[in-house]
Amino acid sequence: MKTVRILQLGTEDYSKSMQVAECAEWYYEPCFSKLPEKDFDVAVLEREVTEEEFDYLIRFLRAYTLFVTKKVLLKNGSITRELFVRKKGKHISEEELVHLLKEDLPDYFPGSYGEKFQPRDLSVAQGFRGKISWTGFECIDLDGDYGEELTQIVFWRNNLPFYEKEAVEFWLEYAKDETVEIALEIALIQFEYGTDPSLQEVWTFSEHELRDIVYVENTGEKMGYLFASMKAKGRGHLRITALHDRHSRRGKGHFIPGGKRAVTLEREEIFYYFDPGNLKPPLNVYFSGYKTQEGFEGYYMMRRLGHPFLLISETRLEGGSYYMGAEEYERMIEQIIREHMEELWFQNSQVILSGLSMGTFGALYYGCRIRPNTILLGKPLASMGNVAANKRIKCPEGTHSWLDVLHKMYGSLDQDAVERLNNRFWDMFDGTDWSRTRFAAAYMIEDDYDGDAYERLQTHLKDAGAKIYGKGLHGRHNDDTPGIVSWFLKQYREIIRKDFDETGSGAGRNNGR
């Protein structure tokens, strides 16, 4: 069980009068003293905060982890209310506080972890005699007769470690004919030195339950391993895309406290996290790059900028499908950005879209819809068809997911699909009014993914009235990531300072005081 650091400010030490979960590392401060400059996972307020405490908690407390008792009135204009608003605090009753300290603290563990079972680790049960078709690392298609009773049809090798007091959630991406019924089975296996493995528990989740995320919890005192399999019955087509497993916060947030999730009718997920920061422009939107470990990217980088920020991440294919998809999927991402603009009362001119590598395509692609103040890029990728085509000759060591993206979007790997994928972006880009948007990009001069992305952006923006500038570093796509990130962050700070802080553009709404 991970240690959870809790700070309590008040007149009564709750750890002495209430039951507190074993994971708690408790800090009680009746009068604020010098504390280590390290994040707290939870803070509980029983009184108003001082200016010194306000400054400390702004720096070392995440949003969505501040709990204020009913003893605190949160008066308009007070710094306690401003802290409450900026940290997305929750006003709780004594009963809710008791439950938080006793039951919910483990859900606020530091860090996050998520992954998916690799397609190469999926095996089809030997008894299946139907048609089997693999499509790269994208999916496996089964077609045939599965029998009249729910019977194992596939299973995933490489069992998942399952530690004591841990909760793990699962999300299954699949599609099927109505004539096929499925279930997901998770088995807990434990090993004792010198003895055979023992089956401790089995959880079976029906199709109805699989409409949402399901989770299992290790309530015992021993570590074990989870074995995952799917059952099916009936006859017809079944497509299995992915089985995702993540450390669960049991409803407190996806990956980190406050992390949210949207899902399409095709069971494709989008994850996003919003931090109000100082409530002043700009809203910094950051698209995560390619990553096989699921979760958000850039949290601390964006938080240090001080302004509101929105993290967007996706988990399709091996490390991401570059934020492209069906109309419903793309509309959801645009709506997520616009909803947070509206919450802050910000205009397009008060938004920066940004990303590194795969994230640059998200920033450019949705920049066509949002038309922000700035699109800030590190190692830009624009012609995704060319990126896939470069895989065989120019970048054989690169990820095969580029080919999966090409096939997922257009069902083919031929030159026509390459051009269609390129044009999917450039046609939209050329049809956008960029006269009020700035482009800033750090790029690799010998980039082996999309070697002319920066030059093409310059060419396509030549008569658009947009400002574009950049910095080239020698090397291939991944040869100098620290240099790219350094320039990227420097530009972020300079743009915020010159366009917003120095111009006195002001907050989009009342900041709570």
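For D452, the conditions (1) touching a Ser or Thr at 6+ places or on another chain (Cβ under 9 Å); (2) surrounded by 15 or more Cβ atoms within 10 Å (Cβ to Cβ); (3) acidic (D, E) are fulfilled apart from (2).
For the condition in contact (Cβ under 8 Å) with a residue 40 or more places away in the chain, of a type outside the set (D, E, K, R) and either in contact with a Lys or Arg (Cβ under 7 Å, 6 or more places away or on another chain) or open to solvent by 70 Å² or more (accessible area, probe 1.4 Å) (or both), H477 qualifies.
Check whether at least one residue in the range 68-78 is at pLDDT 95 or above, touching a strand residue (DSSP E or B) at 6+ places or on another chain (Cβ under 6 Å) and either aromatic (F, W, Y) or closer than 30 Å to A24 by Cβ (or both), and report yes or no. Yes, the range 68-78 contains at least one residue that is at pLDDT 95 or above, touching a strand residue (DSSP E or B) at 6+ places or on another chain (Cβ under 6 Å) and either aromatic (F, W, Y) or closer than 30 Å to A24 by Cβ (or both). Within the range 37-78, the set of residues being more than 27 Å from G111 (Cβ to Cβ), open to solvent by less than 40 Å² (accessible area, probe 1.4 Å) and without any contact (Cβ under 8 Å) to a residue 60 or more places away in the chain comprises E46, T69, V72, L74. Listed by position, the helices (runs of 4 or more DSSP H) contained in the range 398-513 that have at least 1 residues being farther than 18 Å from I352 by Cβ, modelled with pLDDT under 95 and within 26 Å of the chain's Cα centre (by Cα) are 401-410.
Scanning the range 400-420 for residues that are among the acidic types (D, E) and under 20 Å from G319 (Cα atoms) returns a single hit, D404. Listed by position, the strands (runs of 3 or more DSSP E) enclosed by the range 117-230 that each have at least 2 residues that are in contact (Cβ under 8 Å) with a residue 24 or more places away in the chain and among the aliphatic types (A, V, I, L, M) are 122-124, 139-162, 167-176, 180-190, 214-217. Looking at G258, is it in contact with a strand residue (DSSP E or B) (Cβ under 9 Å, 6 or more places away or on another chain), farther than 30 Å from D404 by Cα, not in a strand (DSSP E or B) and not charged (D, E, K, R)? Here the answer is yes, as G258 does meet what is asked.
Matching residues to (1) assigned to a loop (DSSP other than H, G, I, E, B); (2) closer than 18 Å to Y14 by Cβ:
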position: W26; (1), (2): no, yes
position: F32; (1), (2): yes, yes
position: L35; (1), (2): yes, yes
position: A43; (1), (2): no, yes
position: D55; (1), (2): no, no
position: A63; (1), (2): yes, no
position: V68; (1), (2): no, yes
position: K71; (1), (2): yes, yes
position: E82; (1), (2): no, no
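Among the residues of the range 164-203, write down those that are surrounded by 14 or more Cβ atoms within 10 Å (Cβ to Cβ), within 27 Å of D104 (Cβ to Cβ) and either within 28 Å of the chain's Cα centre (by Cα) or of a type in the set (K, R) (or both). Scanning the range 164-203 gives K165, E166, A167, V168, E169, F170, W171, L172, L184, I186, L188, W203. Here is the figure for the range 19-36: residues that are acidic (D, E) and open to solvent by 60 Å² or more (accessible area, probe 1.4 Å) total 2.
Which ones in the range 79-88 are in contact with a Phe, Trp or Tyr (Cβ under 9 Å, 6 or more places away or on another chain) and open to solvent by 20 Å² or more (accessible area, probe 1.4 Å)?
Of the residues in the range 79-88, the ones in contact with a Phe, Trp or Tyr (Cβ under 9 Å, 6 or more places away or on another chain) are 79-80, 82-83, 87-88.
Within the range 79-88, I79, K88 qualify.
Of the listed requirements (1) assigned to a helix (DSSP H, G or I); (2) within 26 Å of E166 (Cβ to Cβ), M302 misses just one: (2). Just so you know, in the range 317-349 the residues that are at pLDDT below 95 and of a type outside the set (G, A, S) include one that is surrounded by the fewest Cβ atoms within 10 Å (Cβ to Cβ), and it is E318.
The values are calculated or read from the model by the stated rules, or taken from the named source; none is laboratory data. Model, not experiment: these values are computed from the prediction. A quick note on method: Cβ atoms are made from the backbone with ideal geometry, for glycine too, and the neighbour counts reach across all protein chains shown. Remember, those area values only see protein heavy atoms, side chains included, never the ligands or the DNA or RNA. Shrake-Rupley method; radii C 1.70, N 1.55, O 1.52, S 1.80 Å.
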